[in-house]
């Protein structure tokens, strides 16, 4: 098999190991990051060691070049894109499911606010503050000091 110069790995190895194998792990990283309400940059950061593991498995199983900076960058860039797509998919689904009185699904990656239908809902408020303004949730009073 011939090596691709940027990837430093044969194309079937790149597709099988990086896109399918490690891509599944990156997809799960993106979903888990969104489910725990963490920012998207953490999903990307979790893919950096995953890129190292991908390079090592390619070296150990398919005799590809281990210490290839361009190969690491290419593998990790693909994994970061997969994890960010999964992050956005899960976040859109979670926002609509958790706040059905505030948001509706708009496409596969987004949601839209229902702020136009209820004047009490402000676009600059958090979902919790919007729910309190609409009377759906009551915030407890802060404790009184001495």
Return the residues of segment 1-25 that are over 11 Å from residue 75 (Cα atoms) and under 16 Å from the mean Cα position of the chain (by Cα); say none if nothing qualifies.
24, 25
Among the residues of segment 39-46, are any over 25 Å from residue 110 (Cβ atoms), part of a helix (DSSP H, G or I) and assigned by TED's automatic domain parsing to the domain that holds residue 90?
no
Output for segment 49-65, where each listed residue is farther than 13 Å from residue 9 by Cβ and out of contact with any helix residue (DSSP H, G or I) (no Cβ under 6 Å at 6 or more places or on another chain):
49, 52, 53
Members of segment 76-97 found to be buried (at least 19 other Cβ atoms within 10 Å of the Cβ), modelled with pLDDT under 95 and in contact with a helix residue (DSSP H, G or I) (Cβ under 7 Å, 6 or more places away or on another chain), listed by number:
91
Counting only residues that are touching a residue at least 12 places away in the same chain (Cβ under 8 Å) and either closer than 18 Å to residue 36 by Cα or outside any loop (DSSP other than H, G, I, E, B) (or both), segment 52-72 contains a total of 11
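The values are calculated or read from the model by the stated rules, or taken from the named source; none is laboratory data. Keep in mind that what you see is a predicted model, and the values were worked out from it rather than measured. Cβ atoms come from the backbone with ideal geometry, glycine included; neighbour counts cover every protein chain shown.
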